Amino acid sequence: MRFRLGDALRGIAAIGVVALHTKVPLPLVSANYLMVDFFFVLSGVVLSKFFYPDTSSLHTTAFVAKRAARFFPLTVAGLLVSLVIVAFENQIADTPAEITLWSVVPSFLMMQIFVSIAPFAMGPLWSLAAEWWVNVVLFWPVRRFGRPMLWALLAAGTLLITIGMLTNESASAYYVGFSAFGRALAGFCAGLLISRFKPVKKSTISLVAISLCVMLMYWLGTFSWIALILAAYLFAALLMVVKNFDPKYSQSRFARFGDWLGSLSFGIYVWHAVFQVSTRWIIVRAFHLDETSDSFHFAWFVALLLISIGAAQLSKVYLEKPITQWVNARLSRADKAVA
């Protein structure tokens, strides 16, 4: 069954990431880096039907093909547009950005987290690389060994984040290496696990209690290793409760808008990273705003969000949907041929 409220929350979280990167001067916005952990957990919930043999007979090759069709087309398109933008900016910048083969190739292969973040306007896409590898690596062992394997991997993800905390004090460590993979691993496994839990009774009370815990996690500060360690568990608990409200939400008048916003969330996340710097440049020169003022950051946020939504809508219709349909058709024909 589709988790429609989850789709809506995914869209809201994507907007929260845009607010973070445009530095909107509102309370708790600086802690929106945790929205990425929310994406990981929600992805586990949504994809859980493929990871349990009793709900899907999808084989590994087909699953990898489906995830590749989801990740690579939009990511590669975003990287190509980023390279064009950076090449143009280098023509007018006082200090041109350095682009090397070593920095570009890992980005196209979704390997940023193992080498370095993409240095040319696509840094936030580290999370897509982390999620891609977690999806691919976990599929067979989870289907083979079930929930005991998931609990072990959840612990392993938490351990990787802890290792990152103990070995690197830099805030940048949370999106490269051990910590990046650990965040995706812990979040995704937590989502897979709660998809099999029974509904939580007294949902309203539970929702309030867990929401307070999440707010406490945000209160820990702009960057907190403790928050990163707790994020998968608290967001998983929150979604486990929120799922109880999904039937009522699905019948509300807001559901269709939530479906639309959720369908654009991936595109918003990708394209906001692509146009983040160029939009800032345009806002400064078009409106002559002080870059330290609140009005500048709000204008930057609105402009970047609108551009990202427009690009996401276009890419969904003319890129993501056609490729996904083509891959699904090929897989369907392959299954019929085998049968």
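The values are calculated or read from the model by the stated rules, or taken from the named source; none is laboratory data. What you see is a predicted model, and the numbers here were worked out from it, not measured in a lab. So basically every Cβ, Gly included, is an ideal-geometry build from the backbone, and we count neighbours across all protein chains shown. Just so you know, the surface numbers come from the protein's heavy atoms only, side chains and all, with ligands and any DNA or RNA stripped out. Shrake-Rupley method; radii C 1.70, N 1.55, O 1.52, S 1.80 Å.
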**Message:** Nearest 10 degrees is fine. How inclined is helix 265-287 to the longest principal axis of the chain, computing both from alpha carbons?
**Reply:** 10
**Item:** Residue-level accessible surface for LYS23, protein heavy atoms, 1.4 Å, Å²
**Value:** 120
**Message:** Looking at the chain as a GNM with Cα springs under 10 Å, which of TRP151, TRP281, TRP271 has the largest mean-square fluctuation?
**Reply:** TRP281
**Size of charge dipole - the chain - debye, nearest 20, with Cβ of Lys, Arg +1 and Asp, Glu -1, no other charges** = 1720
**Complete:** Note, the range 326-334: 3J(HN,Hα) by Karplus (6.51, -1.76, 1.60, θ = phi - 60°), whole Hz, Gly/Pro = x, goes 5, 5, 4, 5, 5, 5, 5, 5, 5
**Asked** In nm, to one decimal, how far is the modelled label at ARG2 from the one at ALA155, with both set 7 Å along Cα→Cβ?
**Response** 3.9
**Request:** Classify the range 11-81 as rounded, prolate or oblate from the Cα gyration tensor: take a ≥ b ≥ c as the square roots of its eigenvalues, call it rounded if a/c is under 1.5, otherwise prolate when a/b beats b/c and oblate if not.
**Result:** oblate
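Given a Förster radius of 41 Å and the C-beta distance between THR167 and SER252 as r, what FRET efficiency does 1/(1 + (r/R0)^6) yield to the nearest 0.05?
Values: r = 47 Å, r/R0 = 1.14.
Calculated value: 0.30.
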**Message:** A 32 angstrom limit on the alpha carbon distance is what I want to check against. Which of LYS248/LYS321; LYS66/LYS202; LYS23/LYS316; LYS23/LYS49; LYS202/LYS316; LYS66/LYS243 exceed it?
**Reply:** LYS66/LYS202; LYS23/LYS49; LYS202/LYS316
**Complete:** For ILE226 the rounded accessible area (nearest 10 Å², probe 1.4 Å, non-protein molecules ignored) is 90
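Where a ≥ b ≥ c are the square roots of the eigenvalues of the C-alpha gyration tensor, would you call the chain rounded, which needs a/c under 1.5, or, failing that, prolate if a/b is larger than b/c, or oblate?
Details: a/c = 1.45, a/b = 1.25, b/c = 1.16.
Rounded is the answer for the chain, as its axis ratio a/c remains below 1.5.
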**Prompt:** Contour minus end-to-end for LYS23 and PHE72, with contour as 0.36 nm per residue of separation and end-to-end as the Cα-Cα distance?
**Reply:** 14.8 nm
**Asked** How much solvent-accessible surface does TYR249 expose, in Å² to the nearest 10, with a 1.4 Å probe and all protein chains in place?
**Response** 40
**Asked** If you line up the long axis of helix 178-194 against the longest principal axis of the chain, both from Cα atoms, how many degrees apart are they, to the nearest 10?
**Response** 40
**Prompt:** Counting only protein chains, not ligands or nucleic acids, how are THR167, THR22 ordered by accessible area (probe 1.4 Å), most first?
**Reply:** THR167, THR22
